[in-house]
Amino acid sequence: MKYFLFFLLLVAPLAAFCAKQLECGRHEVDCTGKCGRFIDKNGDGFCDIGGLSANQAKILAKTKAKPYSLILITAITLGLYLATSLLKRFNVIGKTLHQKIWNVVLLVTFLVSGILGLVLVAQINYNILNSWYSSFLYLHVEFGIAMAIVSIFHALWHVKYYAKALGLKSDKPRSIKLHIPFIRKSA
């Protein structure tokens, strides 16, 4: 029984790999890297394994990727952070609530970006939900931008903690002790 399980665990990944290789030769749709097996030796921008018609190639060449909103997301995030900072400064909200708001924003952006990243890996490795790939990738990057901006705020709040953790700052106040050998204390 042990040998059978060992054999099964050894052969199953190999069989799955072979099945994917066989399936890869049957592409009759766009294969511009969405399946994870993109090969472009002739440099035309299309997968050499897949079979695109000339019409499909023309349509695909005309479509452009949607640009990411780096400046817009950064401006919105900084504006909202400035707004909550002003509310904190004028004692409308407390420091704790301000930090809780931004910790929740950091958590949500992390979870959305992370889960979409895992879905993208599954799409590439297992060839599932390929029609949603570009939408998921776009959202993954957009939430990742917001997460990066909020994580900078978070890191700045904890600079003292990081300095202590890295040994750059000590909890104890430093005292200077001079040792002068020729001066003796009187008894």
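Summary of computed values
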{"quantity": "Listed pairs K100/K164; K88/K169; K66/K100; K66/K88 exceeding 25 Å between Cα atoms", "calculated": "K88/K169; K66/K100; K66/K88"}
{"quantity": "Estimated FRET transfer efficiency when R0 is 25 angstrom, pair N103-L168 (beta carbons, to 0.05)", "calculated": "0.55"}
{"quantity": "Under the Karplus curve 6.51 cos²θ - 1.76 cosθ + 1.60, θ = phi - 60°, whole-Hz ³J(HN,Hα) for region 135-150, x wherever Gly or Pro sits", "calculated": "5, 5, 4, 4, 5, 4, 6, 4, 5, x, 4, 4, 4, 5, 5, 5"}
{"quantity": "Net lengthening on full extension, T96/A155 (0.36 nm per residue, minus Cα-Cα)", "calculated": "19.7 nm"}
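Where a number appears in this text, it was derived from the coordinates with a stated rule and is not lab data. These figures come from a predicted structure and were not determined experimentally. Cβ atoms come from the backbone with ideal geometry, glycine included; neighbour counts cover every protein chain shown.
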